[in-house]
Every structure is written in C-alpha cells, then in structure tokens.
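Okay, structure first, notes after.
The values are calculated or read from the model by the stated rules, or taken from the named source; none is laboratory data. Model, not experiment: these values are computed from the prediction. Note that each Cβ is placed from the backbone with ideal geometry, even for glycine, and that neighbours are counted across all protein chains shown.
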Amino acid sequence: MNSIIEAIHKGIEKSGVDRKKISIPSDIPFEPETVKSLGVDYFQVPRGRAIAFGSGLKLGNPDLKVIPVVGDLMTLGGNHFVHGTRRNMELLVLCINNFVYHKIAGKSVSVVTEAFSPYSTFEEPFNFPHLGNSCGAVYTARWTALHTSELAESIAEALHKRGMSMIEILAPGPSYYRYITHLDSELMQFYFDNSILKNNEDPRNVAITADKKIVVGKFTDKERPTFIDSYNTQHKKILGDEFTPHGPVFDKAGGGNG
Amino acid sequence: MKADKSGVLTGSHILSGNEACAEGALAAGCRFLGLYPIVPSLEVSKRFLQRAPEVGATFIQMEDEVSALAAVLGASWTGKKSMTVTSGPGFSLMMEHLGLGVMLETPCVIVEIQMVGPGLGLPTRPAQGDIMQSRWGSHGDYEIIAFAPSSAQEMFDFTIKAFNLSERYRVPVALMSDAYVAQLKEKVAIPSADQINIEPRRYYGGPRDSYLPFKRDEDFVPPMVDIGQGYRFHVTGLTHDDRGYPIMFEECQEYNVHPLVRKIRDFTDKIIDIEEKNTNDAEVVIISYGVSSRASLKVVEQARSKGHKVGSLKLNTVWPFPEKRVAELASQVKAFVVPEMNFGQVVQEVERSAYGKANIFFLTHGDNGVEYAGDILAAVEEASQMKETKCGITEWKKRSA
Amino acid sequence: MATQKVNTNKDIHPMENLLRMDRMPHIWCPTCGIGLAVTAFTAALEKANIDPNMVSIVSGIGCTGRVAGYVKVDSFHTTHGRPIAFATGIKVANPKMKVVVFSGDGDLIAIGGNHFIHAARRNIDMLVVCVNNFIYAMTGGQVAPTTPLAAYATTSPYGCVEPPFNIPYLADSSGAVYVARYTALHIRRLTNALTEALNKKGFSVVEVISPCGMYYSRINRLGDGLEMMKFYHDNVEIKHGEDTKNLEIGFQSKIICGKFVDRERPSYMERYNQWLSEVRASAKNPEGKKGA
Amino acid sequence: MKADQKSVLTGVYYIDGDVAAGYGALAAGCKFVAGYPITPSTEAFEAVCHRGPKVGTVFIQMEDELGSISAILGAVWSGVKTMTITSGPGYSLMQEAIGFGAMLETPFVLLNIQRGGPSTGVPTKTGQADMMQSRWGSHGDYEVIAIAPDSPQEMFDYTIKAFNLAEKYRCPVMIMSDECVGHMTEKVVIPDADKIYVEPRRFYTGPAADYRPYKPDPDLVPKMAKAGEGLNLYITGIVHDENGYPVSDEKYKSIYVKRLVDKIRLNKNEIIELKEEGTDGADVIVVSYGISSRVAVKGVEMARQKGVKVGTLRLVTVWPFPDDRINELAKKTKAFVVPEINYGQVVYDVARCAHGHASVVLVPHGGAGVHNPDDVADAIEFAVKQEKPLEGVHEFKTRLEKSVFEGGFKLKE
C-alpha cells in the first residue's frame, strides 16, 4: 500500500473517528481496493472540484467528516480552496503536491522542457501553508510522502479540528491520470532527504525555493468559528425561535442540538 | 497570402494526429497557445511547446481551461493567431468563453480531442460525443464552424483551414478530433511554405478616426485592428452597437446578434467542405465524419465489389451542416447509413435534412471504440434491399456483437 | 512616445483625452466611489507618463466592470471573473502592452479568485485595481466575499455569516509585488499609489474602498455616499508598511490604508525569457540538451 | 409522499416567477441550495435565503457557479434534495459538472432563467436561446429532462414536478424558464402540504454488503444511497460498472453509458407533458414553449379571426422531445409555426420529426423582448398558403428584422 494511503489509514485509526462517517471526495483516482480497505465513502470528482463537492457533503449532512484529496496543486480548484478556507468549512484538505519543480536545495531535481507538471518549470510554486494560513485555515502542515508517521499523526490531529485544516503532502508523481500509488520513489527519497523539520514556523517562511531545503512540520493550529457555527449563531441571533438550526450547534449562545 | 516559412516544417514526416495538429497550427501562423493539460490532447501542446522557441511562438499554461481560452481570446486581440487545445471536460469548461469569442468576434481555434463522456468518461478512449456540444454548448444564439479530421494528414490540413476560416469569418473554429485520430501515427506530407495559403486577418484600412470595432462589411464581418495601435477601441460581451458600446434594446439585440448567425448561415456554401465518393448513382449513402469515415470509405469499396450501389459523404466540416446536399441526396437514395461514435447526434441532422424521403440507419460505435466495417457493410446491405420507405431513424442492431 | 498634457481649456473636460466622452453620462449611481477611482486612475496614467495607446484595460462584469467602457484606451469588457485571465493572454502575447485590470471585489476575488492568486503567483506584469464596495451591486446587493461579518445583504437577509477576505493579505500571500489600499476619499494618495503601481514591474494590486450608497449602505442603514465618505474620513488610519495580516475590515470598523507591500520578484516574462534563452542555448549546444 | 407542512407556505400570493420557483423548491423538500448571484435569477435564490433558515433549508452563496453546482452534487450524495439557480453565463460554466452529475446519476434540479445571449448579452431582458444547450451543453452522451414553465404559478408547480422527476429518474432536471416569466408577477396559489405530492428518494434498504450503486431496477434507474451509512461507496465520474468501479474497456460504454440515455428515452412517454388545443383538424399548429406560448395566443386568435384553423401545441417538457406526437400531427396538418426567442433551436427538432409532411416556419426573435403577435399571425397565414410542404426550416422575416436591416435604421443610444 502506498505511503499516503497508509498514513490516511493510520490517521483515521488514531483519531478514533468512525470510518463510516468519513467521506473522501477526490480528484485523484483511488483504486477500489484502496477505498475498500479504508472503509470510507469515496467520490471521484472532476478536477479541482473536491473542496466544493466536499462543502456540499458537509452542509448536506454535518455529521460527516469530509477529507477532500486534491492533486495537481489545486490549479483548477484554487478558488474553492481559498473560499472554503475563508468560510472555515469543516474539511480536512489533503493537498497532494506532485509538482515537478526543477530546483530544490540548489540541486536540479528534474528537467522538464514541456509544461506538463502542474507548473511550467519557470514558474514559482505557491507557498500553500502560507496561502491557507492567510485565508484563515485553522490547521496547516506540510510533510513529504515519506514522513508517514508524522503525516498520520497530523491527519489524526486535524480530523478533530473544527474548521478548515490543510495538509500539504509532497509526493512527486509523474503524471495526471495515474492512480495515487504511482509515485516516483527516487524523487520522494530526495525530497525526504532535503527537508528539515520546523514545527510552528511562520508559514511565510516555508516557501519552496530553488536554494533552500524544504521546511516540513505543523505550522498553524488555531481556533475559529466554522461556517456552520456562524450560520447557526447569526441566524439564531436574528431569527430566534423561528430558526431551524443546522446540524450540531456547538456555540453556547445557540443552545444544544437543534 | 503565403505561410510564414519559420513555422513550416516542410517534408514528409511520421507524426501522430496531435503532433500534426501542432505543426498545422504553426504553419498556419499560430503564435500563441493557451493551454491546460488534459489527456488525450497532451501531445499537441507538447509538440507546440517544443517547437515554440525556434518558431518564436509564445505559450502559457493557465490554471484551468476557463482561463486558457480567456487568455487565447486576449492574445488574439494583440494580433497573434491563437489557439487552445483540450478534451471533453475541458471543452465543457470553455463553453462560457466560446460565447465570449463569438460575441467579440475573436478569431481563434479550439482543438478538441474527443474522449468518451459524459463526466470523467474514459479519458483515453475515442468518441464523437461532443459534436452537438460544439454547436450548442454555449448559451445564446450563435453559429460556429467545426472540422472533423480523420487522419494525421487531415489534422494538419484542417488545422490550417480552421485558422483561415476563423480569420475570414471572425469566429472561433473548433477542430473536433478524437482520441483515435489524435494518437494515430501516420505519414504527414507538409508542403513548402509558399504552397500553403493563409488567410490574412481582415484589418481595418480606413482613416483612424472613423474606426468602429463592429462596423460590418457587406458580408456581416467587421474588420479588426490590433491593440496598441492607437485606435483605443472598446469591445464588450454585452449586446453592443457598431462602436462596441453596450445598448440593451430589442433592436440592438437583433442588430448585433442576428449578423453573428447570418455571417455563417448566409455563406454556408463557401464554408462547407464535404467529400463525396460514388454518390452519383448511389442507392445508399454513408454519411460519416472523423475516424468513422475511414471505415465508411472501406465499406464503399467492399459494397461496390459486391454490386451494391453505395456512396460516401464525408463531412470535413460538420458545422455548418450541409443540409442542402443531404436533401438533394435524400430524393435520390433509398437510405442513409450514419455511423457515429455516440448515441445519436449528427444522425438527427441527417434525419432533419432528409425530409422523410430516405430511410436512415444509425450505427452506434462498436465495442472497441471504432466502427467495424463489417457492421456498416451489413447495414448498407440491408438498406439497399429495403422496399418501402419507413423514414426516421432506425437504430441498427449489431450482428458482430 | 506622446506625452499627455492636462488640458487647460475650460470648455473641455480635463480628462477628455482619456475618457470616452461620447458615453457620458456613466451608469454609476450618485455618490458611488467608482468614478473617483477612475478619475484617480486617469490622473495616474498621465502622471506616470505612459503612452495611452499602449495601455489596455480589461474589466469583468459588475459596476466596476463597466470602467473599461469609459476609459479611452484599448479596452475589453469580458466575462464575469475572467479579466485577469484575459489580460494574461494580452500581456504574454504582446509584452509591450501595459495591462490594467479594473474590476470589482466580486468579480476579482469571488469568481475570479483563482485567476487572482495564480496571476499573483506567476507575477504577471499587470496592475489590478480592485474596487471594493463590500457587495454585489450590479445584481442588486448580494453578499460578497468582502462583506463584513453580520452585515446585511439580499442573500444574507439575516446577516452575513462568512468572514470576509482581507484582499491585501491574500494578494501578499500569493506573491503580489505591490499592494496598497485607499478609500475613494483619498483621491490624491490613491493617484500617487496608482502612478507608482503603473510603473512597477510585476503583479500590483491597489484596493479602492468605495461607498455603495444604493445597496451596501442602504441595506445596512449607513446613510448615503456622503456619510460613508465622512465615515472614511473619521475611521481611516494610514499605516504604510503595516503587516498585511492586520488589514481585516469588520463591520464599520477602522480601515487601515497605505502602501503595504513593495518588493521585487522576477516577473513571469522575465522567467519565461530566461527559460527561452536557456533552451535556445542548449539547442545550439546539443550536449547540454537538457536545458532549463 | 406528502410535502412537509412546515416548508409549504400555503395561501394565495402575488409574487414573481423567481420567488414562486424558490417557494416551490422548499415545498418539494429541497434542503440545500447553493447559488451565485446572476441577473435575472437572483430573486429565486434570495427567496430561498429568506425562507430557508426558517424551514431548515441551508443555503450558501458559493464563490462561483462551478462551486455552486459541485456543492449541490456533493449535498445530494449526503442524502438531501438540492437545487442550484443560474442564468446564461453561469449555465455555461456549469456544463462540465452537469455531465458529471448525469454520469453519477445524481438527482438535482437546475433553475435556469434565460436571458439574451450569447456571452454577457442582455442580462436584464429575456431570451430562449439556451434550449439546445440544456440538451447538448456538456460533453459526451447523456439525456436530461427540461421543463419550460410559462407563468409564476407554473414556476411553483413545475419546480415541484422537477424535483419529483429528478428523484424518479435520477437525472439532472432543468427548469428552462426565462426572464419574462421569472420577473412576471401574478397570482400564485400554493395549496395545502397534503395536496402536494413529493416523490421520495429511491433509497436502497437492503443489506450493506449487497449494495450495487449502479444496479438498475426494471425501469433502468438504480437505487440511491448516501454517504455516512457504512456502505463504503465508491462513486466515480469515470465510466463504471454496477459496483461503481471504473472500467477501462470501451465495450462497457455501450452497457453502462447507454443506460444514461435509455432510461430517459425508453421512459419518455411517462415524462413528456404537452398541452394541446384545437390540434384536431388544424391546418396550422403553433408549437411553442415558455413565454413564447403566451405571446403566441394572441397571434393565434388573430389568425383564427381571419378564418385559419389553428391549433396549438405547448411543450411543457421540451426535453425529451415528443418525436412521435409531432410526427403524428405532421401527417395531419399543413404546417407548424414555431415562435421562439432565438434564431432557431427547438424548431430544428420540429423539422426533424415532421419528416417533410408539413412545412416548418420559424418565427425568430433575437431576445431582449418577445414576439410581436402580428408576426405570429402573419407567419400562420403564410404557412397555410403553401400548397406543398416547404423544404427545410423556413425563417420568417419579422417586422423587427425588417425594421433593423432594411432602410436607414439608426440605433437609439
């Protein structure tokens, strides 16, 4: 089993969350056996739409734990990411970063003359933890696919966060319509070797650049009312008893379960 | 006008359809590619990007297909011939900007490599399920030109034609290929630059002060200018007058949008490109396009050798649809046989154009994606033995399956 | 290059050579701030000494989306949310053009959010003027991603439940090289900022806080545009160089204005050209074919 | 199943079509609405925002139309009924996800208030030019159901019907209204909840281990499940087998994708709803839908006064198209006159089904307004005069076209 899937598996295990309640909308294809072994509900959605689809799942049934898995660095889905984060939609976004960026820690990693990595070689990638943090994510972290145990730990922790959590997973993989299991092990090892752990680092400083080592770790861990919280409190405040609360109400002002 | 030498790779090459398409674009003078990668259209951009530095072409990989086509439209207004390349889901995302391209009358080419749909479909398998979408996919009224190449050579030739028509009529032109043609490696003969005719952009030549961006010539096509020339014009996706200023009355809608339709509809005879084979005395005519026509042409030979009077009508341009010619043939033939790799799209146009004068057999694709010539032959044989006219579409049930 | 001079003839509008006078009067409501932003922009265009023939304005849909129709340069009124993508095409295909995207908060940050962050990341050389009136005004006052928490709008009839975007922070964190914010009241500072941004190489963002007397302040009972202007006068704090994360705007809270980011990063075309020269060099030298 | 009392605002109202559709959705049990503001459909979304929180319907204004439709697809799979609301350009943006929804056999309702197009067009005025788009707008082969209401009352009634059809056939159902109907204010009667029939979702109730997401019932429609029930769903937009697992073999297309079109095509007699009047023995039949059918009434009256035998056929459901009925009528009548607010869309299907038995006359209109009834009357007279059927679709030259393109027309500024 692939290291990321293994981490998801272990993470769910550790978190103690009921697998039945977990939904994974993803724009990366998972193999049916993988989904079976994870014991979750899985949806393969059009590229970039995992977070929007996941928002619908969560709002339709607030009891669900939704883990959108997005590949290709959210090029298409960037907007859903920033807005979902701003709203603090209760999702755990696993951002599988399979870009082939040409220089890491001063060394040439991969040479692509054609732009079929999600980024053209000459473009600079996003600093995703920083972007997530600046939009208001309650939890951001970054690991490589070889940091399996840390990643699992992170997933377990983030599953209990109330709000948008985001874990970037550096997992160089060659192409687009492949299953998640096809990762470039050599590159993975390279990324693993050239990363340094810096927990609680200011996300501003964790950009992946040509001359520095990759910073991994947990960068953000904070609290903020979720979309459903704000939805319930605001409507309760204005409408009073006329309002039918949506899902479990955690806010004190809102009262117990509606 | 002759082609620019720098983009023409004269000679005989073994190229995949996708590569031939990129070569065709460069030969046609395309100097801007806005793309977002999607299987099975990757090789077009790959080839284009490899050749871009030497030819002096520019490209950008955008964040999605929505922006890829938007960038192409922007680039086209700088005077660079532009194109984008995509496949099923990406084409669906481009629908809004197809409408913008129509409304701004921006010449550009959209290469679409069809795959099995809907949804995510089968990304690597061929289909012809987006033909109706290319005609009707965006909101509002418009007419469009769509080519359907059937070989690598045609990918090259039709790409050039697509650019030419796009400039001539100031309309986005779609090249509706499929995953099969796109990946088929074949011999492609690229002529020398002076043998390739290029339609120059219809630039405005009058006095600077009296330029109006949408002042139409007799044929409803307005001449164009590039940005940065000091015309300081305005264009909008809203319903507009000659100046490009929004005016939202019923009369202006008629004044603005009806010509968008008429500039194609009134000139269909000049645009339509069909190839006929043995239709003079035919009792059955196979109407097909794209990769299906390869099987059809084979069937014509086989059937003729068996003594059936069979002809073929190959639609090089699917849109606008050659309804007049089909109607003419309808009064001559007993039946049309229409093989398509979908569940019935162009066959409906055939039904409409036949006016109940001929039977229509529809063949959906075979199990391996493309038609079995044997199925078409069987359908042709049955059609040629028909006594009465039943009209309407008869779905042909495969025997080989 | 033709230098534009401010017209001193009193019969002619001073901005006549940069505005489409044949389209006046414009569609904006009384006391709207968009016109002020346009005035500041045209003044900046003259101050920056840029040939207007080489400027292209791209707008999307919305009230601010109509700006392209009033400024007399090559101007494009495109689809909702996509002006940045359209402008990217123009800039990359013809790098000589000075490309300006002039649009509203809903257009650029809601539906166009993805293009906004990606263009900032790529550092495409363009100036983005984002007029923020906290609401979708053209469609009649719907909630926007900039509407402050608990503010009313027609699609948040019981108060907005989503925290708004801090646009400078978003721009900064996605890589913009120049970020400033002023209100429509600060016309002189705004003009200076726009002048500076026009001459900046890379992705520059200027946010213009604008009163919307017709929808935002009417629905929220904040008075008309003039009262909003008074509010800006009393509640704006100019703090240059303030950390962008502190720039959130709450409902009728203090607004921090100023220039926040001014840095250097290689622009998209610089990176592109560098790649191009490397590829060309390696093509000449087959042994180094790997290039890049 | 009866509607939920709380969600039905029983009474007599004077509201516009958009609001009526919003109330219809709530009455039909819609529990989640995602939208994005776009003229002229916003009033429907606003109606949901106002009433929703009181009846337990959650709403969200997403960042764009791509997000809206993706969110409602997600919400369906979490077990609720959903709808999204849009207009022209937004509809174009939704096309990818509509195909995806069709592939997943996700029941959802899409309210499209049509406006003049293409591109931005005339946002505040009417059009009917998205009809073909509703049928063909996404890539690949699929079928949808499209309904064209012509009054606020119908906006209410047919929104409920749309939800029912969506649940019954597990397919996207489009309500293809237009700006005129959307902004038209009329009397709307909302009945008691127990008089409203609401189709329940066809949930699977058997043992979890035996659940096959795409195993069809005899009517070709499979049973639905929801996330979080321990069914270990594997749902993909890739061509899939009964288990929902992706298949890569082309031959499965004809087995599994064909069902997407067959479940509508073979059930079409149950789906199609037509309103006919005076078609028996008519010399000319006016085929219309949506607002055009109301405008046509006047034209028909005028023609009748002149002694022409005119019948009317109103397409309440435009898709699936009533091929057989049109074909039957074509054999009995001399001509079809089709007024629609576009330059020819549904008229092509009328022509297709007429099989040359009757003339087909299109009365076009570019949008931003409705037909002049005189044009409809003239077109009827023109059509009845033809001795034998005209070939092809005859485009009738309207007064508007003549006034704009013939002789010294100047646009008002």
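So which strands (runs of 3 or more DSSP E) stay within the range D:101-149 end to end and still have 3 or more residues that are within 12 Å of the chain's Cα centre (by Cα), more than 7 Å from chain B (Cβ to nearest Cβ) and over 22 Å from residue A:45 (Cβ atoms)?
On the way: elements: D:108-116, D:122-126, D:145-147.
Of the strands (runs of 3 or more DSSP E) lying wholly inside the range D:101-149, those with at least 3 residues that are within 12 Å of the chain's Cα centre (by Cα), more than 7 Å from chain B (Cβ to nearest Cβ) and over 22 Å from residue A:45 (Cβ atoms) span D:108-116, D:145-147.
How about the range B:270-322: which strands (runs of 3 or more DSSP E) wholly inside it have at least 3 residues that are crowded, with 23+ Cβ neighbours inside 10 Å and outside the structural domain of residue B:357 (by TED's automatic domain parsing)?
On the way: elements: B:274-277, B:284-288, B:310-315, B:317-319.
Here the list is empty.
Filter the range A:39-71 for residues that are within 22 Å of residue D:31 (Cα to Cα) and more than 8 Å from chain D (Cβ to nearest Cβ) and give the result.
Listed by number, the residues that qualify are A:50, A:51, A:62, A:65, A:66.
Of the residues in the range B:69-89, how many are more than 21 Å from residue C:55 (Cα to Cα) and more than 8 Å from every other protein chain (Cβ to nearest Cβ)?
Result for the range B:69-89: 6.
Looking at (1) of a type outside the set (Phe, Trp, Tyr); (2) buried (at least 16 other Cβ atoms within 10 Å of the Cβ); (3) in contact with a Gly (Cβ under 9 Å, 6 or more places away or on another chain); (4) modelled with pLDDT under 95, which one does residue D:247 not meet, given that it meets all the others?
Every listed condition holds for residue D:247 apart from (3).
Pairs needed: first member in the range D:220-240, more than 7 Å from every other protein chain (Cβ to nearest Cβ) and on the phi > 0 side of the Ramachandran plot; second member anywhere, surrounded by fewer than 23 Cβ atoms within 10 Å (Cβ to Cβ) and outside any loop (DSSP other than H, G, I, E, B); C-beta distance under 7 Å; at least 6 residues apart or different chains.
D:220/D:259; D:220/D:262; D:220/D:263
Name the strands (runs of 3 or more DSSP E) wholly within the range C:153-247 that hold at least 3 residues that are crowded, with 22+ Cβ neighbours inside 10 Å and more than 14 Å from every other protein chain (Cβ to nearest Cβ)?
Once the strands (runs of 3 or more DSSP E) in the range C:153-247 are filtered for at least 3 residues that are crowded, with 22+ Cβ neighbours inside 10 Å and more than 14 Å from every other protein chain (Cβ to nearest Cβ), what remains is C:178-183, C:203-209.
Looking only at the range B:124-143, decide whether some residue is assigned by TED's automatic domain parsing to the domain that holds residue B:109, outside any helix (DSSP H, G or I), of a type in the set (A, V, I, L, M) and surrounded by fewer than 23 Cβ atoms within 10 Å (Cβ to Cβ).
The initial filter retains those residues of the range B:124-143 that are assigned by TED's automatic domain parsing to the domain that holds residue B:109, namely B:124-143.
Then drop every residue that is not outside any helix (DSSP H, G or I), which leaves B:124-130, B:137-143.
This time we only want the ones that are of a type in the set (A, V, I, L, M), so: B:127.
The next check asks that each one be surrounded by fewer than 23 Cβ atoms within 10 Å (Cβ to Cβ); those that pass are none.
Checked against the condition, which is being assigned by TED's automatic domain parsing to the domain that holds residue B:109, outside any helix (DSSP H, G or I), of a type in the set (A, V, I, L, M) and surrounded by fewer than 23 Cβ atoms within 10 Å (Cβ to Cβ), the range B:124-143 yields no hits at all.
Please pick out the residue among C:65, C:35, C:69 that is more than 10 Å from every other protein chain (Cβ to nearest Cβ) and touching a His at 6+ places or on another chain (Cβ under 9 Å).
Exactly one of C:65, C:35, C:69 is more than 10 Å from every other protein chain (Cβ to nearest Cβ) and touching a His at 6+ places or on another chain (Cβ under 9 Å), namely C:35.
From the list C:31, C:3, exactly one residue is in a loop (DSSP other than H, G, I, E, B), on the phi > 0 side of the Ramachandran plot and at pLDDT below 95. Which is it?
Numbers: C:3 fails: on the phi > 0 side of the Ramachandran plot.
Checking each option against the conditions leaves just C:31.
Would a scan of the range C:102-116 turn up a residue that is aromatic (Phe, Trp, Tyr), more than 14 Å from chain B (Cβ to nearest Cβ), crowded, with 24+ Cβ neighbours inside 10 Å and out of contact with any strand residue (DSSP E or B) (no Cβ under 7 Å at 6 or more places or on another chain)?
No, the conditions are met nowhere in the range C:102-116.
What number of residues within the range D:283-297 satisfy the criterion of being within 24 Å of residue D:320 (Cβ to Cβ) and either in contact with a Gly (Cβ under 8 Å, 6 or more places away or on another chain) or acidic (Asp, Glu) (or both)?
Summing the residues that are within 24 Å of residue D:320 (Cβ to Cβ) and either in contact with a Gly (Cβ under 8 Å, 6 or more places away or on another chain) or acidic (Asp, Glu) (or both) in the range D:283-297 gives 2.
So, residue B:284, is that one in contact with a Phe, Trp or Tyr (Cβ under 9 Å, 6 or more places away or on another chain) and of a type outside the set (Ser, Thr, Tyr) or not? Before you say what the answer is, go through the steps one by one.
Working: in contact with a Phe, Trp or Tyr (Cβ under 9 Å, 6 or more places away or on another chain): yes; of a type outside the set (Ser, Thr, Tyr): yes.
Considered against the rule, which asks whether it is in contact with a Phe, Trp or Tyr (Cβ under 9 Å, 6 or more places away or on another chain) and of a type outside the set (Ser, Thr, Tyr), residue B:284 comes out as yes.
Considering (1) more than 24 Å from residue D:135 (Cβ to Cβ); (2) touching a Phe, Trp or Tyr at 6+ places or on another chain (Cβ under 6 Å); (3) not in a loop (DSSP other than H, G, I, E, B), say which one residue D:260 fails and leave the rest.
Unmet for residue D:260, out of (1) more than 24 Å from residue D:135 (Cβ to Cβ); (2) touching a Phe, Trp or Tyr at 6+ places or on another chain (Cβ under 6 Å); (3) not in a loop (DSSP other than H, G, I, E, B): (1).
Assuming residue C:89 fulfils every condition listed in (1) farther than 26 Å from residue D:40 by Cβ; (2) without any contact (Cβ under 8 Å) to a residue 24 or more places away in the chain; (3) surrounded by fewer than 24 Cβ atoms within 10 Å (Cβ to Cβ) apart from one, which condition is it?
Against the list (1) farther than 26 Å from residue D:40 by Cβ; (2) without any contact (Cβ under 8 Å) to a residue 24 or more places away in the chain; (3) surrounded by fewer than 24 Cβ atoms within 10 Å (Cβ to Cβ), residue C:89 comes up short only on (3).
Just to be sure before I move on: is residue D:278 under 30 Å from residue A:33 (Cβ atoms) and in contact (Cβ under 8 Å) with a residue 12 or more places away in the chain in the structure I sent? Before you say what the answer is, go through the steps one by one.
Numbers: under 30 Å from residue A:33 (Cβ atoms): no; in contact (Cβ under 8 Å) with a residue 12 or more places away in the chain: yes.
So residue D:278 fails the test.
Could you list all residues from the range D:1-59 that are in a helix (DSSP H, G or I), under 18 Å from residue C:144 (Cα atoms), among the aliphatic types (A, V, I, L, M) and in contact with an Asp or Glu (Cβ under 9 Å, 6 or more places away or on another chain)? Don't jump to the end; show me each part of the working.
In the first step, residues of the range D:1-59 are kept if they are in a helix (DSSP H, G or I); the result is D:5-7, D:17-27, D:42-55.
With the extra rule that they be under 18 Å from residue C:144 (Cα atoms), the set shrinks to D:42-50.
Still in the list and also among the aliphatic types (A, V, I, L, M): D:44, D:47-48.
Result: D:44, D:47.
Quick one: would you say residue B:235 is in contact (Cβ under 8 Å) with a residue 24 or more places away in the chain and within 7 Å of another protein chain (Cβ to nearest Cβ)?
Details: in contact (Cβ under 8 Å) with a residue 24 or more places away in the chain: yes; within 7 Å of another protein chain (Cβ to nearest Cβ): yes.
It is true that residue B:235 is in contact (Cβ under 8 Å) with a residue 24 or more places away in the chain and within 7 Å of another protein chain (Cβ to nearest Cβ).
Which one of the conditions (1) within 28 Å of residue B:78 (Cβ to Cβ); (2) in a loop (DSSP other than H, G, I, E, B); (3) touching a Leu at 6+ places or on another chain (Cβ under 8 Å) does residue B:248 fail to meet, given that it meets all the rest?
(1)
At pLDDT below 95, closer than 21 Å to residue D:250 by Cα and more than 14 Å from chain D (Cβ to nearest Cβ) - does that describe any residue in the range B:109-125?
Taking every residue of the range B:109-125 in turn, none turns out to be at pLDDT below 95, closer than 21 Å to residue D:250 by Cα and more than 14 Å from chain D (Cβ to nearest Cβ).
Can you pull out every residue in the range B:238-254 that is buried (at least 23 other Cβ atoms within 10 Å of the Cβ) and facing chain D (nearest Cβ under 7 Å)?
The answer is B:238, B:239, B:252, B:253, B:254.
When you check residue B:257 against the structure, is it within 17 Å of residue C:100 (Cα to Cα), surrounded by 21 or more Cβ atoms within 10 Å (Cβ to Cβ) and either at pLDDT 95 or above or of a type in the set (A, V, I, L, M) (or both), yes or no?
Working: within 17 Å of residue C:100 (Cα to Cα): no; surrounded by 21 or more Cβ atoms within 10 Å (Cβ to Cβ): yes; either at pLDDT 95 or above or of a type in the set (A, V, I, L, M) (or both): yes.
So residue B:257 fails the test.
Take residue D:80 and tell me if it is surrounded by fewer than 24 Cβ atoms within 10 Å (Cβ to Cβ) and within 15 Å of residue A:58 (Cβ to Cβ). Lay out the reasoning, then the answer.
Values: surrounded by fewer than 24 Cβ atoms within 10 Å (Cβ to Cβ): yes; within 15 Å of residue A:58 (Cβ to Cβ): yes.
Yes, satisfied.
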